[in-house]
Amino acid sequence: MGVGEGKTDAIARFEELCSNAAAEQEKFLMDRLMENKDTEYGKLFGFDDIHSVEEYQQELPITFHYDYETIIERQVNGEEGLLTMERPVYYCISSGSTDSPKYVPIIEKDIQRQKFYWLDLIQETIRRQMPDASDEELFGKIFQIGEFRRDFMPDGTMSGVRAGALHRYLESGGELNIDCYTAPEEVLFPRNTLEDLLYVKVRFALACRDVTAIHGVYVNRVVGVLRYVVDNWDAFLTDIETGGISDCFLVSHEWEVYLKEHLPADPERAAELRAIPREELENGLVKKIWPKIRYGQMIGGSMFKPYMDKLWTYVGDLPIHYFTYAASEGCFGIARGVNEEDAYYTLLPDTCFYEFVSETGDGERIYTIRDVEVGSKYELLITTFSGAYRYAIGDVVEVVGFHGQAPIVRVCYRKSQVINVADEKMNVRQLENAMRKFQKRAECSAEGFCVDGDYAKQRPRYILYLELAEGELPENAEEILDECLMESCFGYKRDRELAELDRVKIQMIPQGGFKAYGRFMAKLGHSKEQDKPLRVLVTEEQKAFFGGALMS
């Protein structure tokens, strides 16, 4: 099936699920326990003897990924019946707690449910909200910014990021209509390459006059691509006109030959684009290039404010659908429509079983969707199709309303100290490991350090705030630190190789800076902040302090 093919009754089905969300949740949980009662994990925790949510909460502990690392490694090496009776068809790969990647198994039921929400429901929602447009006008030619490399585990099971799971699954089964995308199959699904194919994808998109939508995962990537177009506008027009590749673009010989064969010189299209006034090119860029575009789809909202501010410059009043709330472990929520005030996600009653821990940590009560209250914030626990049980993903969400019985949430922040600029998910252990390596190689010692995301450039990057105790930084300090980060975090290495992240920047802070931060936080009544070292900047106060506005 291709994007936009085959109208469904997805909205009616979704409304029914939400209206009975509490019962659907309990059914989901009991079905998973029954399916997996004969697995090693199921026998260990007595799934066969659990008959209620309360018994489930009493018998099973709250878990984290490190609780599963050994059993997943055994599963990767060929053992079956460990976490789920059904074998995985895909492994999501992201950052683990050590230098090694984190593997998250995904079974087919999980991806099939993902298809219902990411394709069927979103498409029908967009149709309903844009009733004047035909399917061809909405889904006819999509500039898909994502790239879905054909990676595999040693046994041949597909692997990659969660965003690629559905496309890879559909493509492998011959269900994906490649014709609805601007880029050909071999560009969307490259084989065995770490090369950045951004130039190739943009060339195909610019060559297409009839783009109807832009699809991406995170808004930062969409903004980065559009900024790339603006920064290299004249070179792109020259290449379109001549069919060549300008020297400012780094493209391998293989892809250079491919482009010359598939995108010959097109002076007419170049002339159309040159007619766009060069001054203030950024403003409304998307509609200037593609007058037929109807909407964009990406994860955005107030959590991504630096990117959203720039996005609106590029897209003007283009309707945006905030897509999905998901992670490697599962698909949790779906945006209800286009042009929402913020990224609000209805929790999906039939993809996970949800539990909620109060953000304040007061009391020992753990809530279900029956008990959560509008305006309250909770850390989310999930039980999934694919063998994660009472799993703490570290996200804190605020309940902003209900869709039937299903909570509508806004994602606030990650409770654990994790920096996640481009889906690399680097945690504190990895950061500290990288800094230990860095201090040894750079022959210096740090009094204190912390990290934030820097979104001012075409590609985002880390900015490391560093106060030295001894030594001086060598001239190539940022190169050394970048290598240490790649060694310590698989997700960071992947995103650097795919040019999703730029090289880290080191920002020196004056002597006594971290002690000044402790005094600053104490004035705000946060004395406990001094008990543990700050590593990842999360709050606006922290960002303002280390950004220079409050440091004194």
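Let's see if you can work this out: charge +1 on each Lys and Arg Cβ, -1 on each Asp and Glu Cβ, no other charges. What is the dipole magnitude of segment 419-546 about its Cα centre, in debye to the nearest 20?
Values: 21 positive and 24 negative charges, 78 e Å.
Computed about the Cα centre, the dipole is about 380 debye.
Of the GluC sites (Glu not before Pro) found in segment 351-383, those that fall in a DSSP loop while having at most 13 other beta-carbon atoms within 10 Å are 364, 373. Using Cβ point charges alone (K and R +1, D and E -1), the dipole size of the chain about the Cα centre works out to roughly 920 debye. Panel order for 358, 328, 445, by other beta carbons found within 10 Å of each beta carbon, from fewest to most: 445, 358, 328. Distant-in-sequence amide contacts of residue 406, defined by a placed amide H-H separation under 5 Å and a gap of 5 or more residues or a different chain, comprise 21. Diffusion coefficient (Stokes-Einstein, Kirkwood radius over C-alpha pairs, 10 °C, 1.306 mPa s) for segment 272-393: 93 µm²/s, rounded to a whole number.
Please give me, ordered by residue number, the GluC sites (Glu not before Pro) of segment 398-457 that lie in loop per DSSP and have at most 12 other Cβ atoms within 10 Å.
Values: sites: 398, 424, 432, 443, 447; in loops: 424, 443.
Filter output for segment 398-457: 443.
Cα-Cα pairs above 23 Å in segment 349-507: how many percent? Before the final figure, lay out each step's value.
Details: 6395 of 12561 pairs.
Value for segment 349-507: 51 percent of Cα pairs lie more than 23 Å apart.
If you take the Cα centroid of segment 179-215 and the Cα centroid of segment 398-428, the two points sit 30 Å apart. Distance between the pseudo-spin-label points of residue 238 and residue 58 (7 Å out from Cα toward the beta carbon): 7.4 nm. What share of all Cα pairs of segment 112-156, in percent, falls into each consecutive 10 Å distance bin? Calculated over all Cα pairs of segment 112-156, the distribution is 21, 37, 28, 11, 4 percent. For segment 419-546, the fraction of alpha-carbon pairs lying more than 25 Å apart is 23 percent, rounded to a whole number. Between residue 179 and residue 515, the simple label model (points 7 Å from Cα in the Cβ direction) yields a spacing of 7.2 nm.
In terms of Cα atoms, the Rg and Dmax of segment 161-305 work out to 15.7, 47 Å. Taking 0.36 nm per residue of separation and subtracting the Cα-Cα distance, full extension of the segment from residue 456 to residue 279 would add 61.6 nm. Let me know the shape class of segment 1-157, please: from the alpha-carbon gyration tensor, a ≥ b ≥ c as square roots of the eigenvalues, rounded when a/c is under 1.5, otherwise prolate if a/b is greater than b/c, or oblate. Oblate, since a/c reaches 1.5 and b/c is not below a/b.
Annotation for segment 237-251 versus segment 463-526: alpha-carbon center distance of 36 Å. Multiplying the residue separation of residue 44 and residue 15 by 0.36 nm and subtracting their alpha-carbon distance yields 6.7 nm.
FYI, it's all coordinate maths here, none of it is from the lab. The shown structure was predicted, so the numbers you read here are calculated from the model rather than taken from an experiment. Positions of Cβ are generated from backbone atoms using ideal geometry, with glycine treated the same way; all protein chains shown enter the neighbour counts.
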